[in-house]
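Novice: A single structure is presented below for examination.
The values are calculated or read from the model by the stated rules, or taken from the named source; none is laboratory data. These figures come from a predicted structure and were not determined experimentally. Backbone-built Cβ (ideal geometry, glycine too); neighbour counts: all protein chains shown. Keep in mind that these areas ignore ligands, DNA and RNA; they rest on the heavy atoms of the full protein, side chains included. Shrake-Rupley method; radii C 1.70, N 1.55, O 1.52, S 1.80 Å.
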Amino acid sequence: MERNLKNVLVISFGFLLLFTAYGGLQSLQSSLNSEEGLGVASLSVLYAALILSSMFLPPIVIKKLGCKWTIAISMCCYIAFSLGNFYASWYTLIPTSVILGLGGAPLWSAKCTYLTIAGTSYAEKAGKNAKDIINQYFGVFFLVFQSSGIWGNLISSLIFSQSSTKVEISEEDLECCGAYNCLTDTTNTTGSAKPSNSLIYTLLGIYTASGVLAVLLVIIFLDQIKSDQAETEKDKLEAPSFWSTFLATFRHLKDKRQCLLIPLTMYSGFEQGFLSGDYTKVYVTCALGIQYVGYVMICFAAVNSLCSLLFGKISQFTGRKLLFALATVTNIACIIALLLWKPHPKQLAVFFVFPALWGLSDAVWQTQTNGLYGILFEKNKEAAFANYRLWESLGFVIAFGYSTKLQAYIKLYILLSVLVLSMVTYGAVEYLEAKSSSGTPTATKKEDGRPFSQETHM
């Protein structure tokens, strides 16, 4: 147990270090690299590359390199993105975004494979239930990993708050903030003035060092999976041919329920993309300054993490329908309020209320949508979760893609429309389920899909 637990902790803290850097950088892209929409364009490209990576690379890379070296090399792809930000331009950020996207899917797949093998191995030796041990290992992993959203954003805010150039934001400039933001680049005239190069380089240096430490931690301390276990897992990965797995993803769309869940799955990408790409720029950075972005995203990450744990526990008592209703009402209220609210520095607390409520809603979208996929498509989980990653990632690509082309109020109306459509199609899925299997206690089944929700969070 000690050796297996050591390996679980090595992976957990490796991911913590890696995503402390990536999470902080993702939150800052729309504000830090706002010229010509470079930051959000890089994120759109990143998630497009992730879609391709999810479809093609994980089985091949894990089979060739094994889990340990897949994790280590994939982590280097994230470091490349940090390095690209040192001299941010279309020639550095776009290629490094592609590299990160291609490394993302093998990284998460190798992590899931490693923890599964480690849990199964220990369960066999100890005579325990393999699923219980695997769930325990994933629990330890996410307990450590989830805090990365706090540390990465805290580092960025602490560093940027050291800026000596505090720009006073005029009332005229504040008119450019919020849902009806001016289409001109306000970041050069308001309190969102770009920090000095020395502060940016300090932050990027810390983030890069954090990524390098993650790679070294894995290379030095993570044990290789025993050859017999690795071969068994390779056989599992190889069992369905590459093209059959690829085609199975699209063949799964023949299931009417999967098609009806596409709007809900894409909405998850839309709403996360809006918060990190638009709310941080046109509300927070515009009215308060870039140094507050980290603090605001910490609020989102903390509430999201706590509510994910809470909703995972109480869903067996409330059922998923009530939780979906809660998230829908909360998100609609936030969208309407963001359309009406004119952000002002005197209303500091309000800037944190929105990400807190957004975190509550997102926790439902993540846990319950994954649980729904796991329950509805129990016999085709691989193809189902491939569809989940595909459509959520597509939501990210679209959200970041139109981020610089449309004003915030149009994006909020799009969010509202997609959310309403999602609830209509989700209701249809529940109706079909009730019609075909009335009396089946599916709502209380244990959700196996939670780890997959993190794959598209990168």
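Novice: Considering the stretch 402-411 alone, what residues qualify as being in a helix (DSSP H, G or I) and over 20 Å from the mean Cα position of the chain (by Cα)?
Specialist: Answer for the stretch 402-411, where residues must be in a helix (DSSP H, G or I) and over 20 Å from the mean Cα position of the chain (by Cα): ALA408, TYR409, ILE410.
For every residue, the table says whether it meets (1) surrounded by fewer than 19 Cβ atoms within 10 Å (Cβ to Cβ); (2) in a helix (DSSP H, G or I).
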site	(1), (2)
PRO59	no, yes
CYS76	yes, yes
SER82	no, yes
SER89	yes, no
PRO106	no, yes
THR113	no, yes
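Novice: Taking the stretch 376-406 as the region of interest, how many residues are among the acidic types (Asp, Glu) and either free of Cβ contacts under 8 Å to residues at least 40 places away in the same chain or surrounded by fewer than 22 Cβ atoms within 10 Å (Cβ to Cβ) (or both)?
Specialist: 2
Novice: Can you name the residue in the stretch 43-57 that is more than 14 Å from GLY269 (Cα to Cα) and modelled with pLDDT under 90 and, of all such residues, is least open to solvent (accessible area, probe 1.4 Å)?
Specialist: SER53
Novice: Quick one: would you say THR70 is β-branched (Val, Ile, Thr) and more than 19 Å from LEU213 (Cα to Cα)?
Specialist: Numbers: β-branched (Val, Ile, Thr): yes; more than 19 Å from LEU213 (Cα to Cα): no.
Taking the combined requirement at face value, the residue does not satisfy it.
Novice: While we're looking at this one, here's another question. Restricting to the stretch 179-228, what's the tally of residues that are aliphatic (A, V, I, L, M), at pLDDT below 85 and loosely packed, with under 14 Cβ neighbours inside 10 Å? Steps first, please.
Specialist: Here is the first cut: in the stretch 179-228, the residues aliphatic (A, V, I, L, M) are 179, 183, 193, 199-200, 203-204, 206, 209, 212-220, 222, 225.
Next, from what is left, pick out any that are at pLDDT below 85: 179, 183, 193, 225.
Within this subset, residues satisfying the condition of being loosely packed, with under 14 Cβ neighbours inside 10 Å are 183.
Selection size over the stretch 179-228: 1.
Novice: If you go through the stretch 307-322 one residue at a time, how many are surrounded by fewer than 19 Cβ atoms within 10 Å (Cβ to Cβ) and over 15 Å from GLY139 (Cβ atoms)?
Specialist: Residues that pass the stated criteria total 7.
Novice: List the helices (runs of 4 or more DSSP H) inside the stretch 285-376, counting only whole elements, that have at least 1 residues being over 19 Å from LEU415 (Cα atoms) and of a type in the set (Val, Ile, Thr).
Specialist: 293-318, 348-376
Novice: Hey, another quick one. Can you tell me which of ALA399, ALA386 is farther than 23 Å from PHE354 by Cα and in a helix (DSSP H, G or I)?
Specialist: Exactly one residue qualifies, and that residue is ALA386.
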